Amino acid sequence: MKKGKLTGLLLSFFFSVSLSATVFAAPAAADQTANTEPIVILHTNDAHCGIDDSIGYAGLAACKAEMEAGYGADRVTLVDAGDAIQGGAIGTLSDGAFLVDIMNQLGYDIAVPGNHEFDYGTENFLELAQERADYSYLSCNFLDLRTGASVLPPYRILDYDGVQVAYVGISTPESLSKTTPAYFQDENGSFLYSFCQGADGVPLYTAVQTAVNAARTEGADYVVAVGHLGNGGITPAYTSEAVISHTTGIDVFIDGHSHEACERTVANASGEDVLLAQTGTKLAAIGKVVIDPATGEISAELITDYTEKDPATEVFIQALEEGFSDILNQVVATSEVTLTTADPATGERRIRNGETNLGDLVADAYRIVMDADIGMVNGGGIRADIEPGDVTFEDIINVHPYGNEMCVVEATGQEILDALELGVMNYPLEDGGFQHVSGLTFSIDVSVPSSVALDDTGAFVGVNGAYRVTDVMVNGEPLDLNRTYTVASHNYMIKEGGSGFNMFMDNTLIQDCTMLDNQLLIDYITDYLGGTIGSGYENPYGEGRIRIINSAEAQAAA
């Protein structure tokens, strides 16, 4: 059935919290026997183990309880748009299981797997989804290539006393490259799973439209897409906006992946407005969508200043944390400086598109401890700051929550140049593959458009034009494209082609999956820095290993 057009903006306040709202009007949808009271959908995305950050899960539980008191428990649904179980020590040490336990405690109804739900392995995720989660994981485009069938249910219809709302799950095709590709392959490197990838987006759009059509045929009055797709810095054909613009029948798109806080409208393939909402990351906001069956109106709001906490959830989380407290609270070092992932001038994340002192520290640790010519680390693998004072084991795990294994590979200068070029293909936009380096310096010429070519899985194919990366120096000497160097990084990048970095996969390994990356970082700080981080890492913008040239700012300064 057709839902209506954008009619304006409504600013309202519920439960003494600050909200922004967008409202849509449509013809009344419910039949005469249905309950036409409003339906409330609370949504989160990209929490990344931020259980106590910002509003926190205890705040979300309290907000949910207030919504249930105001609207009725059977009218409130809680959904998550992915990347919940990874990103902090509690996720790493439990392989995501404790985050699923917390989501069970909160009474989540629906979730979709983001790319980071697979960071502990596909089989681990499927065990969590099918055996541990009390809520439904959905994805219409996560396919088993051996059977051609959907691995998870494509959608789920909830009955709100006569009003049928379908929730369609959508996972990013970038999952194949933005977690470990080997997790989706057999021992021979052949893919066992697909996310309906394809450079033109058609396989993805077809999977979504098929699920939407099936849900409508089954009787859905409304269709809510819950996707982990994103927009900023995402493969253009895989964005939520692209999916909306190439499909019909979706009323609301709850999104994740790009860590944006937004509520806006996007025209679908028929020119009808679809509400698109995302809450940012680390529970900085709670999303609220209200469907009014009496009028057909659909509204979206972001709850940003909620301060109440649910005591039962607080106790539940504390009990989980206490199980690891002896390990996590162990002091392993001291820092005299703030080691940052952000731009101190703006507070915006910088680790995925600019040098920082934390990126320098980690790259130095890789190179020096592994005794290589060059250390390289992707910005997406550095997840948290280190504050001045005592540095605990938890702090280190929060920086490196994946538990990747360290490797050293032989690589030609050409392969190193290609890796740097792939890392800056989206610059100045954020990219998890942006490389932080040690033993090496380089420039990014922003006047040169990227000509990096990728295949349908996001893997590197080549460079079809001029390189943006220039002036590469290795230990003070120009990079020799024909020379062989030793490069230290983790298995995700060197062995498994993560984030598309497949140029090293067939090379000679000098050291193969030795210590974990977080343990290596501890060893570097304790054994090579004497247990104290300070000298050489004072500048939050790093040592100047990455130079930006031909930018408008640089030209203006000149």
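Is it the case that some residue within segment 224-235 is farther than 20 Å from Pro173 by Cβ and not hydroxyl-bearing (Ser, Thr, Tyr)? Break it down stepwise before answering.
Going residue by residue through segment 224-235, those that are farther than 20 Å from Pro173 by Cβ are 224.
Going one step further and asking which of them are not hydroxyl-bearing (Ser, Thr, Tyr), we end up with 224.
Checking segment 224-235: at least one residue is farther than 20 Å from Pro173 by Cβ and not hydroxyl-bearing (Ser, Thr, Tyr).
Restricting attention to segment 25-40, does a residue exist that is open to solvent by 10 Å² or more (accessible area, probe 1.4 Å), at pLDDT 90 or above and within 29 Å of the chain's Cα centre (by Cα)?
Looking for residues that are open to solvent by 10 Å² or more (accessible area, probe 1.4 Å), at pLDDT 90 or above and within 29 Å of the chain's Cα centre (by Cα), one finds none in segment 25-40, hence no.
Return the residues of segment 121-159 that are in contact (Cβ under 8 Å) with a residue 60 or more places away in the chain, open to solvent by 30 Å² or more (accessible area, probe 1.4 Å) and either under 19 Å from Gly256 (Cα atoms) or under 18 Å from the mean Cα position of the chain (by Cα) (or both); say none if nothing qualifies.
Selection gives Pro154, Tyr155.
Please go through segment 208-234 and give me each residue that is out of contact with any strand residue (DSSP E or B) (no Cβ under 8 Å at 6 or more places or on another chain) and touching a residue at least 12 places away in the same chain (Cβ under 8 Å), ordered by number. Write out each step before concluding.
Initial filter on segment 208-234 (out of contact with any strand residue (DSSP E or B) (no Cβ under 8 Å at 6 or more places or on another chain)): 209-210, 213, 217, 231-234.
Residues satisfying the conditions are Gln209, Thr210, Asn213, Asn231, Gly232, Gly233, Ile234.
Please verify whether Ser194 is surrounded by fewer than 24 Cβ atoms within 10 Å (Cβ to Cβ) and hydroxyl-bearing (Ser, Thr, Tyr), treating the condition exactly as stated.
Against the criterion (surrounded by fewer than 24 Cβ atoms within 10 Å (Cβ to Cβ) and hydroxyl-bearing (Ser, Thr, Tyr)), Ser194 qualifies.
Using the structure shown, decide if Ile55 is in contact with a helix residue (DSSP H, G or I) (Cβ under 8 Å, 6 or more places away or on another chain) and either open to solvent by 10 Å² or more (accessible area, probe 1.4 Å) or farther than 23 Å from Ile170 by Cβ (or both).
Details: in contact with a helix residue (DSSP H, G or I) (Cβ under 8 Å, 6 or more places away or on another chain): yes; either open to solvent by 10 Å² or more (accessible area, probe 1.4 Å) or farther than 23 Å from Ile170 by Cβ (or both): yes.
Criteria met by Ile55.
One line per residue, one yes/no per condition, for (1) aliphatic (A, V, I, L, M); (2) in contact with a His (Cβ under 8 Å, 6 or more places away or on another chain); (3) under 18 Å from Gly249 (Cβ atoms):
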site	(1), (2), (3)
Leu152	yes, no, no
Ile157	yes, no, yes
Val165	yes, no, yes
Gln185	no, no, no
Glu218	no, no, yes
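All but one of (1) over 27 Å from the mean Cα position of the chain (by Cα); (2) under 21 Å from Asn378 (Cα atoms) hold for Gly498; which doesn't?
(1)
Taking segment 72-120 as the region of interest, how many residues are open to solvent by 10 Å² or more (accessible area, probe 1.4 Å), modelled with pLDDT under 95 and either among the basic types (Lys, Arg) or assigned to a loop (DSSP other than H, G, I, E, B) (or both)?
Qualifying residue count for the region: 3.
Against the condition open to solvent by less than 50 Å² (accessible area, probe 1.4 Å), touching a residue at least 12 places away in the same chain (Cβ under 8 Å), farther than 20 Å from Thr441 by Cα and under 28 Å from the mean Cα position of the chain (by Cα), how does Ile533 come out, does it pass? Spell out the reasoning first.
On the way: open to solvent by less than 50 Å² (accessible area, probe 1.4 Å): yes; touching a residue at least 12 places away in the same chain (Cβ under 8 Å): yes; farther than 20 Å from Thr441 by Cα: yes; under 28 Å from the mean Cα position of the chain (by Cα): no.
Against the criterion (open to solvent by less than 50 Å² (accessible area, probe 1.4 Å), touching a residue at least 12 places away in the same chain (Cβ under 8 Å), farther than 20 Å from Thr441 by Cα and under 28 Å from the mean Cα position of the chain (by Cα)), Ile533 does not qualify.
Could you tell me how many of the residues in segment 431-481 are assigned to a strand (DSSP E or B), acidic (Asp, Glu) and open to solvent by 60 Å² or more (accessible area, probe 1.4 Å)?
Within segment 431-481, the subset assigned to a strand (DSSP E or B) is 435-438, 440-445, 452-454, 460-463, 469-474, 477-478.
Going one step further and asking which of them are acidic (Asp, Glu), we end up with 445, 471, 477.
Restricting the remaining residues to those that are open to solvent by 60 Å² or more (accessible area, probe 1.4 Å) gives 471, 477.
Looking only at that region, the number is 2.
If we scan segment 321-340, do we find a residue that is assigned to a helix (DSSP H, G or I), in contact with a strand residue (DSSP E or B) (Cβ under 9 Å, 6 or more places away or on another chain), more than 29 Å from Gly162 (Cβ to Cβ) and among the small types (Gly, Ala, Ser)?
Pass one, segment 321-340, residues assigned to a helix (DSSP H, G or I): 321-322, 325-328.
Keeping just the survivors that are in contact with a strand residue (DSSP E or B) (Cβ under 9 Å, 6 or more places away or on another chain) gives 328.
Filter again for more than 29 Å from Gly162 (Cβ to Cβ), leaving 328.
Within this subset, residues satisfying the condition of being among the small types (Gly, Ala, Ser) are none.
Checked segment 321-340: no residue is assigned to a helix (DSSP H, G or I), in contact with a strand residue (DSSP E or B) (Cβ under 9 Å, 6 or more places away or on another chain), more than 29 Å from Gly162 (Cβ to Cβ) and among the small types (Gly, Ala, Ser).
Right, Asp251: open to solvent by less than 20 Å² (accessible area, probe 1.4 Å), under 17 Å from the mean Cα position of the chain (by Cα) and charged (D, E, K, R) or not? Walk me through how you get there before you give the answer.
Numbers: open to solvent by less than 20 Å² (accessible area, probe 1.4 Å): yes; under 17 Å from the mean Cα position of the chain (by Cα): no; charged (D, E, K, R): yes.
No.
Out of segment 380-398, which residues are open to solvent by 10 Å² or more (accessible area, probe 1.4 Å), more than 19 Å from Ile51 (Cα to Cα) and part of a strand (DSSP E or B)?
Passing the criteria: Gly389, Asp390.
Restricting attention to segment 496-541, which residues are part of a helix (DSSP H, G or I) and on the phi > 0 side of the Ramachandran plot?
Taking segment 496-541 first, the residues part of a helix (DSSP H, G or I) are 498-500, 517-528.
Those that are part of a helix (DSSP H, G or I) and on the phi > 0 side of the Ramachandran plot: Ser499, Gly500.
Name the one entry in Tyr222, Tyr205, Tyr238 that is of a type outside the set (Asp, Glu) and more than 23 Å from the chain's Cα centre (by Cα).
After ruling out the rest, the residue left standing is Tyr222.
Going by what's in this entry, would Gly189 be described as at pLDDT below 95 and open to solvent by 10 Å² or more (accessible area, probe 1.4 Å)? Outline the logic, then answer.
Values: at pLDDT below 95: yes; open to solvent by 10 Å² or more (accessible area, probe 1.4 Å): yes.
Yes, satisfied.
For segment 101-117, which positions are farther than 19 Å from Phe184 by Cβ and either touching a strand residue (DSSP E or B) at 6+ places or on another chain (Cβ under 7 Å) or of a type in the set (A, V, I, L, M) (or both)?
In the first step, residues of segment 101-117 are kept if they are farther than 19 Å from Phe184 by Cβ; the result is 101-111.
Selection gives Ile102, Met103, Leu106, Gly107, Tyr108, Asp109, Ile110, Ala111.
Going by what's in this entry, would Thr247 be described as within 20 Å of Ser150 (Cβ to Cβ), part of a helix (DSSP H, G or I) and at pLDDT 95 or above? Reasoning before the result, please.
Details: within 20 Å of Ser150 (Cβ to Cβ): yes; part of a helix (DSSP H, G or I): no; at pLDDT 95 or above: yes.
When the stated conditions are applied, Thr247 does not pass them.
The values are calculated or read from the model by the stated rules, or taken from the named source; none is laboratory data. This structure is a prediction, so every number in the text was calculated from the model and none was measured. As a convention, Cβ positions derive from the backbone with ideal geometry for all residues, glycine included, and neighbour counts pool all protein chains shown. Heavy atoms of the whole protein, side chains included, go into the accessibility calculation; ligands, DNA and RNA do not. Shrake-Rupley method; radii C 1.70, N 1.55, O 1.52, S 1.80 Å.
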